[in-house]
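As structure tokens, the structure follows; a few thoughts come after it.
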Amino acid sequence: MKGEVKKRYSMEERKEFRRLILEKLKKAKKDLSIFKDFFYNDQNNGTDDTYPTFKAFEEGSETLSKEQNAQIVEQLQKFIKSLNSALMRVENKDYGICRITKKLIPKERLMAVPHTTLSIEGKKLIEKIKK
């Protein structure tokens with residue numbers, strides 16, 4: 001067995017990854033809820049009768065803030081979708097296998113980026129092809 005290349009993570013390792021993914025999923029959903037509430041809430045603080053110059057600045061920053069929040073909401077939704085896909089891979093026992101090289105992604109990388117589907121080697125191959 002010595003020198004044999006590991007093809008899959010053990011059930012215990014997959015349980016560890018599952019816990020990590022669920023933690024990140026919980027936090028991402030909470031963050032999404034906060035940003036959605038902020039984004040959809042008008043938050044008018046009774047400044048309708050303030051000086052016009054200040055009102056223009058306030059409206060400009062409010063527009064920028066809403067655009068930034070919309071981008072954050074979109075990124076969080078994408079992140080949640082990726083985490084859910086990772087959970088499905090954990091359940092299907094093919095979690096941690098690079099979709100390009102078909103080799104096992106190092107545990108350290110998965111602990112840092114649990115939703116990844118690429119090893120560093122696979123990512124470099126894709127970047128090389130794009131050039």
Subset of the range 92-120, residues under 14 Å from LEU20 (Cα atoms) and open to solvent by 40 Å² or more (accessible area, probe 1.4 Å), comes to LYS107, GLU108, ARG109, MET111, ALA112, VAL113, HIS115
Output yes when any residue across the range 100-116 is of a type in the set (Asp, Glu), within 30 Å of LYS7 (Cα to Cα) and not in a helix (DSSP H, G or I), and no when none is. no
Over the range 17-30, the set of residues surrounded by fewer than 16 Cβ atoms within 10 Å (Cβ to Cβ) and of a type in the set (D, E, K, R) is ARG19, GLU23, LYS26, LYS27, LYS29, LYS30
Taking first residues from the range 92-116 that are touching a residue at least 24 places away in the same chain (Cβ under 8 Å) and second residues anywhere that are open to solvent by 60 Å² or more (accessible area, probe 1.4 Å) and not β-branched (Val, Ile, Thr), the pairs with Cβ under 6 Å that are 6 or more apart or on different chains are ILE100/LEU125; THR101/GLU121; LEU104/LYS6
### Task
Kindly indicate whether any position in the range 38-57 is touching a helix residue (DSSP H, G or I) at 6+ places or on another chain (Cβ under 8 Å), at pLDDT below 90 and of a type in the set (Gly, Ala, Ser).
no
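The values are calculated or read from the model by the stated rules, or taken from the named source; none is laboratory data. Since we're looking at a predicted model, the values are computed, not measured. FYI the Cβ positions are ideal-geometry reconstructions off the backbone, even for glycines, and counts take in every protein chain you see. The area values use the complete protein model at the heavy-atom level, side chains included, leaving out ligands, DNA and RNA. Shrake-Rupley method; radii C 1.70, N 1.55, O 1.52, S 1.80 Å.
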